[in-house]
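Visitor: This is the structure I have questions about; it appears just below.
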Amino acid sequence: MEIRENEVYTLKEAQELLKVSPSTSMRLIKKGIIKAAKVGKQYRILGKELIRIVSPELEDK
């Protein structure tokens, strides 16, 4: 599955893309390693943020 920069992903989709468990994804969000927006009771994560996590060398300086 390809990560699209301007796409908005659910927490479950992000977990599948990053291949991490639900507890790991929540820990990354709580520590601020992954920036996520809470919409109601659910989190949403921008594709740009997922790309930053998996490819930090591509991050804009």
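Visitor: Scan the stretch 27-43 for residues that are over 12 Å from Ile53 (Cα atoms) and free of Cβ contacts under 8 Å to residues at least 12 places away in the same chain and jot them down.
Guide: Arg27, Lys30, Lys31, Ala37, Lys38, Val39, Gly40, Lys41, listed by residue number.
Visitor: Moving to a separate point now. Mind telling me which of the residues Glu7, Glu57, Glu13 ends up being modelled with pLDDT under 95 and among the acidic types (Asp, Glu)?
Guide: Details: Glu7 fails: modelled with pLDDT under 95; Glu13 fails: modelled with pLDDT under 95.
On inspection, the qualifying residue turns out to be Glu57.
Visitor: Please state which one of Ile45, Ile29 is crowded, with 18+ Cβ neighbours inside 10 Å and among the β-branched types (Val, Ile, Thr).
Guide: Going through Ile45, Ile29 in turn, the sole match is Ile45.
The values are calculated or read from the model by the stated rules, or taken from the named source; none is laboratory data. Fair warning: this is a prediction, and the values are worked out from it, not measured in the lab. Neighbour counts run over all protein chains shown; Cβ positions are idealised from the backbone, glycine included.
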